[in-house]
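Reading through the structure tokens given below for one structure.
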Amino acid sequence: MLVLLPFFVFCQETETIVFQSGKEGHAVYRIPAILALPNGDLLAFAEGRVNGSADFGDVNLVMKRSRDQGKTWSSLETLVDYDSLQAGNPAPVVDMLDPDFPKGVVFLFYNTGNNHEYDIRLNKGVREVWMMKSFDFGHTWEEPENITLKVHRPNNPQFNPLYQHSEGWRHYANTPGHAFQFQEGKYKGRIYVPANHSVGPPQQNFEEYRAHGFFSDDHGKSFKISESVYLPGSNESIGAELSGGRMIMSIRNQRGDIRQRILAYSSDGGNSWEEIRFEEALPDPVCQGSILAIGQSDGKTILAHSNASDPNDRNNLTIKISFDEGKSWPKVIPIDRTDDPKKVSWTAYSDLVSLNGSTLGILYERDNYAQIVWRTLVWR
């Protein structure tokens with residue numbers, strides 16, 4: 001039985017529209033990701049869809065910067081323009097643990113694609129994986145590096161006739177939202193990017209999809225691929241570090257048969273998965289979500305989780321707080337919703353960032369993808 005928890009009182013401090021559909025050269029902006037830098041700047045990333053809302057087409061990877069904690073934002077900067085094809089799924093993370101670059105390196109992982117998702121599921125095209133690095137907090141970027149063959153297992157002769165992996169992954173996507181870096185313990189320094197892929201021909205209810213992750217222990221020089229989450233239909237995923245070298249992933253159930261988030265736990269830094277379960281305290285309408293480690297309580301990681309907390313519609317964007325590493329979610333913070341039945345996609349994708357020990361920021365899609373909005377809130 002789903003237990004309805006009370007809404008807690010909190011303080012929202014800032015609301016700003018960061019990306020507005022129809023402005024700055026793009027018909028629609030989608031798939032937000034947010035990153036806080038050590039100098040206090042915020043970087044907001046998104047897909048800039050030139051002609052409309054479709055996932056595939058002329059889609060650019062874009063960015064804006066805030067120097068005042070989200071009150072104002074810079075003009076739009078296009079980071080990747082893949083001509084008339086798609087570049088997106090930005091997954092940023094800042095590496096502050098590389099001894100060769102003590103001031104920090106910003107990594108941005110993203111995908112490109114040369115066909116629609118269904119066609120790629122038929123092996124008629126490929127989704128590639130790229131990595132960009134910035135050594136000056138996003139003011140300039142190194143040339144993108146194609147890391148597809150390091151983190152993907154395709155079997156497509158048109159893509160690379162010399163690389164035919166027996167697993168035959170087809171569709172592929174990084175996490176929508178931030179990647180993360182382990183800060184403590186045995187895996188300290190590990191850069192981790194949750195992801196998902198499809199295996200073999202399309203199946204009913206997207207059951208060929210599996211979540212997984214890829215990671216680097218040498219600051220992006222090499223990568224390894226995790227074990228796949230065995231649950232059929234496990235799709236878009238995002239992760240966070242837990243105590244003791246453990247981690248958690250929050251995963252979209254693409255099958256839609258159970259309208260809840262999937263939580264997967266790892267005790268070896270995200271290489272394999274030992275507990276996979278549906279979480280009834282996190283209802284979900286088959287959409288993306290975000291999860292973030294935001295502190296410690298009695299030796300356990302405090303987690304924040306955001307998603308459209310409605311089993312039927314992309315509505316009722318809510319942040320929930322767990323003080324026991326995802327076993328329970330007692331603190332509930334409403335962010336945005338509508339009661340207008342004509343607006344069934346009011347709040348959709350979101351990404352979380354910690355601004356300090358008591359303040360969170362959230363970047364999210366609103367009003368049928370017309371806006372990407374920034375809000376800050378004091379959660380304790």
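The values are calculated or read from the model by the stated rules, or taken from the named source; none is laboratory data. From a predicted model like this one, the values you see are computed outputs, not experimental measurements. Quick reminder, even Gly has a Cβ in these numbers, built from the backbone with ideal geometry, and neighbours come from all protein chains shown.
Of the strands (runs of 3 or more DSSP E) that lie entirely inside the stretch 123-209, those containing 3 or more residues that are among the charged types (D, E, K, R) and at pLDDT 95 or above span 127-134. If the condition is being assigned to a loop (DSSP other than H, G, I, E, B) and of a type in the set (Asp, Glu), then the stretch 79-117 contributes 83, 98, 100. Remark: residue 192 falls outside the filter, which requires a residue to be in contact with a Leu (Cβ under 7 Å, 6 or more places away or on another chain) and not acidic (Asp, Glu). Counting the residues of the stretch 81-105 that are surrounded by fewer than 21 Cβ atoms within 10 Å (Cβ to Cβ) and at negative phi gives 14. For the residues 314, 337, 375, the requirement of being among the basic types (Lys, Arg), more than 16 Å from residue 240 (Cβ to Cβ) and touching a residue at least 40 places away in the same chain (Cβ under 8 Å) singles out 375.
Scanning the stretch 348-368 for residues that are buried (at least 19 other Cβ atoms within 10 Å of the Cβ) and closer than 24 Å to residue 49 by Cβ turns up 348, 349, 350, 351, 352, 353, 361, 362, 363, 364, 365, 366.
Residues considered: 269, 295, 326. Of these, the only one that is among the small types (Gly, Ala, Ser), crowded, with 16+ Cβ neighbours inside 10 Å and in contact with a helix residue (DSSP H, G or I) (Cβ under 9 Å, 6 or more places away or on another chain) is 269.
Can you tell me which residues in the stretch 113-158 are of a type in the set (Val, Ile, Thr), touching a helix residue (DSSP H, G or I) at 6+ places or on another chain (Cβ under 7 Å) and under 30 Å from residue 36 (Cβ atoms)? The answer is 129, and nothing else. Output yes when any residue across the stretch 231-244 is touching a His at 6+ places or on another chain (Cβ under 7 Å) and in a strand (DSSP E or B), and no when none is. Scanning the stretch 231-244, I find no residue that is touching a His at 6+ places or on another chain (Cβ under 7 Å) and in a strand (DSSP E or B), so the answer is no.
Across the stretch 145-167, the number of residues qualifying as crowded, with 17+ Cβ neighbours inside 10 Å, of a type in the set (A, V, I, L, M, F, W, C) and without any contact (Cβ under 8 Å) to a residue 40 or more places away in the chain comes to 1. With respect to the conditions (1) touching a His at 6+ places or on another chain (Cβ under 9 Å); (2) surrounded by fewer than 16 Cβ atoms within 10 Å (Cβ to Cβ); (3) not hydroxyl-bearing (Ser, Thr, Tyr), residue 136 falls short on a single one, namely (1).
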